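The structure appears below as structure tokens.
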Amino acid sequence: MTENSADTSTGGGAGTAVADRPMVRVEDLHRSYGSGAGAVHALRGVSFEVPRGELVALKGRSGSGKTTLLNLVGGLDSPDGGRITVDGTDLSTLGDDGLLELRRDRIGFIFQSFGLIPILTAAENVGVPLRLRKADPREREERVSLLLSLVGLADHAAQRPGEMSGGQQQRVAIARALANRPALLIADEPTGQLDQETGLAVMELLRAVVHSENVTALVATHDPQLLGLADRVLELSDGHIIEH
């Protein structure tokens, strides 16, 4: 039984227990690539927590292991050792189907490359996760409309990615990540392809979304201005976490 299933069966105290529980708990996490003298030790006993309702920034030089850590927390990769708990569920207890369900229903991903489908409109891109979940068409349309309004693109619903600026495309990607009402947003350098002004606007949007949609966000970024918008900053250095 996972922590999540245990909490939901405790009656009146369950809500308090869930509220007090961190969204992400990482304990003594290790991840290496290769073997022998040529092995690369990306993570060396990393431990931290991400409280609910916070935007936590993850910084570190290129190659410091930020993407590795995000992939592990998002269930896209498996650690060599240690434990990851997301929204009360120990990822090591989940098989492939369980991880797929977790990523589909409880985690939203935002990538540097936007990842939009070129032939689909903004509205259709945002609606993809809802179609995969076979949501009711009326519910899907209402949710898509709400999210495009949330990210300031209500008037661009019919445009395709190629007809939009980089900042607009990233806003569509944020809306898509929110489609299934995830508990956790994971963003890997979401402003990496944007100019400074647009990147700042996108990061401010992410911060606003954390509060308006009641989600938690773990965002990898190297931009000092963007780090200043986070509730908390974690730094990855030599495979270890340093909290600022």
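Summary of values
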{"item": "Length added when fully stretched, Glu204-Glu142, from 0.36 nm per residue minus Cα-Cα", "result": "19.9 nm"}
{"item": "Distance in nm between pseudo-label sites at Asp105 and Ser212 (7 Å out along the Cβ direction from Cα)", "result": "2.7 nm"}
{"item": "Compactness relative to 2.2 N^0.38 Å, alpha carbon Rg of segment 83-209", "result": "1.07"}
{"item": "Two-site label geometry, Asp238 and Lys134: point separation in nm, points 7 Å out along Cα→Cβ", "result": "5.3 nm"}
{"item": "3J(HN,Hα) from dihedral phi, segment 32-39, Karplus parametrisation 6.51/-1.76/1.60, rounded to Hz, x for glycine, proline", "result": "10, 10, x, 8, x, 5, x, 5"}
{"item": "Principal semi-axes in Å for segment 50-101 [√(5λ), Cα gyration tensor, largest first]", "result": "21, 15, 9"}
{"item": "Cα-Cα P(r), segment 88-142, percent of pairs per 5 Å interval", "result": "4, 15, 21, 21, 18, 13, 7, 2"}
{"item": "Of Met203, Met164, Met23, the one that fluctuates the most in a GNM where the chain has Cα springs shorter than 10 Å", "result": "Met164"}
{"item": "At R0 = 35 Å, FRET efficiency that the Cβ-Cβ distance of Ala154 and Ser78 yields, to 0.05", "result": "0.30"}
{"item": "Cα-centre dipole for the chain with unit charges at Cβ (Lys and Arg positive, Asp and Glu negative), debye to 20", "result": "320 debye"}
{"item": "Residue-normalised accessible area of segment 144-244, given per residue in Å² at a 1.4 Å probe", "result": "42 Å²"}
{"item": "When the convex hull of its Cα atoms is projected in every direction, mean area for segment 29-162 (nm²)", "result": "10.9 nm²"}
{"item": "Within the accessible area of segment 102-225 (1.4 Å probe), percent carbon and sulfur", "result": "49 percent"}
{"item": "With eigenvalues of the C-alpha gyration tensor scaled by 5 and rooted, segment 157-244, Å", "result": "24, 16, 11"}
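The values are calculated or read from the model by the stated rules, or taken from the named source; none is laboratory data. Worth saying up front: this structure is predicted, and the values here are computed from it rather than measured. Using ideal geometry, Cβ is built from the backbone for each residue, glycine included, and neighbour counts are taken over all protein chains shown. Each accessible area value is taken on the protein alone, full model and side chains, heavy atoms only, with ligands, DNA and RNA left out. Shrake-Rupley method; radii C 1.70, N 1.55, O 1.52, S 1.80 Å.
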